[in-house]
Amino acid sequence: MSLSIRNQLTGTVSEITRGAVMSTVLITLPGGQSLTAAVTLDAVDDLGLKEGSGVDVLIKSTEISLATGNVDGLSIRNQLRGTVSSIETGGAMAVAHVTLEQGGELTAAITLAAATELGLAAGTAVTALVKSTEVAVAAA
């Protein structure tokens with residue numbers, strides 16, 4: 001199956017916290033950074049997720065925010081460190097390609113105004129921010 005979602009990472013389930021309806025799934029990426037996905041309890045069961053399971057992680061590029069400074073004091077669980085490898089700009093939007101520390105790549109679609117205000121360019125250190133509810137998981 002081909003998908004329009006640009007961000008497709010692989011990882012391993014390291015922890016599952018089950019709730020009455022929703023669960024959080026902690027996923028360790030190959031380089032050691034981790035992501036949290038908030039998914040339904042039914043999805044955890046239907047996918048057969050358990051600690052040690054290999055998974056694919058899907059994140060739309062429009063659901064990734066970028067920060068160049070301190071990111072303390074946020075409720076956003078997923079804060080992945082990386083460096084802008086390239087940036088493409090258009091009339092209203094920009095697409096930043098981010099190489100993650102210890103491997104992997106993300107693409108973030110942000111406004112041109114935000115990219116300009118942040119001074120984004122190749123080599124800029126950033127933190128990619130993604131709410132756990134915007135992380136989709138597929139069984140590998």
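Quick notes on this structure:
- Any hit, segment 41-50, residues being of a type in the set (V, I, T) and under 23 Å from G104 (Cα atoms): no
- Residue pairs meeting the criteria (Cβ under 7 Å; at least 6 apart or on separate chains; first in contact (Cβ under 8 Å) with a residue 24 or more places away in the chain, in segment 39-51; second outside any loop (DSSP other than H, G, I, E, B) and among the hydroxyl-bearing types (S, T, Y)): V39/S23; V44/S23; E51/S14
- None of T40, T124, T107 is touching a Ser or Thr at 6+ places or on another chain (Cβ under 8 Å), surrounded by 15 or more Cβ atoms within 10 Å (Cβ to Cβ) and closer than 25 Å to L26 by Cα except T107.
- Filtered by the rule that a residue be touching a helix residue (DSSP H, G or I) at 6+ places or on another chain (Cβ under 8 Å) and of a type outside the set (A, V, I, L, M), segment 1-49 gives R6, N7, R18, G19, S23, T24, T36.
- Hey, E101 surrounded by fewer than 19 Cβ atoms within 10 Å (Cβ to Cβ), under 18 Å from the mean Cα position of the chain (by Cα), modelled with pLDDT under 95 and under 30 Å from S23 (Cα atoms) or not: yes
The values are calculated or read from the model by the stated rules, or taken from the named source; none is laboratory data. Please read all numbers here as calculations on a predicted model, not as lab measurements. Glycine also receives a Cβ, built like all others from the backbone with ideal geometry; neighbour counts cover every protein chain displayed.
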